[in-house]
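So the structure is just underneath, and the comments pick up after that.
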Amino acid sequence: MKNIFIKAVSVAMIACLGFGIASCGKKEQGLTINEGKLVMATNAFFPPYEYYDGDTIVGIDAEIAGEVASRLNLELEIQDVEFDSIIAGVQSGKYDIGCAGMTVTEDRLLSVNFTTPYATGIQSIIVAEGSEISDIDTLIDGDYVIGVQQGTTGDIYMTDEVGDDRIDRYNKGADAILALQNGNIDAVVIDNQPAQAFVAANDGLVILDTPYAVEDYAMAVSKDNEALLSEINRVLAEMEADGTIDAIIEKYIPSEG
Ligand code: GLN
């Protein structure tokens, strides 16, 4: 008995050295907020990364996080929240991870850590068929109103370019699309994969052939939980190496995985 205890303590100490002293307190209470669970915050209106199939949230992020959780012997719990509240929730310890087609940005890195990127996104411009807006310069230089999803990189870039007055912010990308269809706004700037899903599902919209920002998607993890960050990075590297990530992306975005 004693021997086993000593062995367990030394293993824990070695693990502590590996993870850095700062994370050791956290480690004692378990890797995640709720023992045995990995709580993921997302905004489930971002196909094909996260969306509802009936009552279930599915998509690339749901599957990648599900596989990460299972490789860490954790049960994945997905919470559907507003995109704009995810970083703060991860930072304050409400959620273990934010996984929401989330772009790694310098600004967000001030508040949270990001795992190794597992996918790429591109910002796209959607307009109504026949619109006189032909590219990003026309969009910026004209007097057009641009719809974005609140707090996304589309919002951040467009606000930088044209100022608050010409930006209409929506909680969901789908609401911005509806406003575009109703003629309330002139364009929507959003990530390319949801852009394609929205355009395929709604008549009269087109994506301009002028993407302008290539971004890395990664999971946000609290800066107070370096141990979880390195465990997720460890299994993500395995999943990259054994083809799991490619297979999941290929399932939802055929021929791009
Ligand atoms: N990639 C964008 C961002 O991180 C949009 C993500 C989203 O709307 N779910 O801001």
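Radius of gyration (Cα atoms) of segment 49-171, expressed as a multiple of 2.2 N^0.38 Å: 1.24.
Would you mind getting the accessible area per residue of the chain, heavy atoms of the protein chains only, 1.4 Å probe, in Å²?
On the way: 12360 Å² over 257 residues.
That works out to 48 Å² per residue.
Taking the square roots of five times each eigenvalue of the Cα gyration tensor of segment 166-255, the equivalent ellipsoid has semi-axes of 33, 18, 11 Å, listed largest first.
Ligands, DNA and RNA left out, the 1.4 Å accessible surface of the chain is 50% carbon and sulfur atoms. Rounded to the nearest whole angstrom, the semi-axes of the ellipsoid equivalent to segment 49-92, taken from the Cα gyration tensor as √(5λ), stand at 18, 16, 8, largest first.
Think of the chain as having a plus end and a minus end, set by charges on the Cβ of Lys, Arg, Asp and Glu; of Ala44, Ala176, Thr115, Thr115 sits farthest toward the positive end of this dipole.
The Rg/Rh ratio of the chain, with Rg taken over Cα atoms and Rh as the Kirkwood radius over Cα pairs, comes to 1.05.
Using a cutoff of 8 angstrom between alpha carbon atoms and counting only pairs six or more residues apart, the relative contact order for the chain works out to 26 percent. Segment 150-202 and segment 41-76 have Cα centres separated by 23 Å. Counting lysine pairs in the chain that sit 8 or more residues apart in sequence, or on different chains, and whose Cα atoms lie under 30 Å apart gives 20. The Rg/Rh ratio for segment 76-145, using Cα coordinates for both the radius of gyration and the Kirkwood hydrodynamic radius, is 1.11.
The values are calculated or read from the model by the stated rules, or taken from the named source; none is laboratory data. Keep in mind that this is a model prediction, so the values were computed, not measured. No Cβ is skipped: glycine too gets one built from the backbone with ideal geometry, and neighbour counts run over all protein chains shown. Note: areas computed on protein heavy atoms with side chains; ligands, DNA, RNA excluded. Shrake-Rupley method; radii C 1.70, N 1.55, O 1.52, S 1.80 Å.
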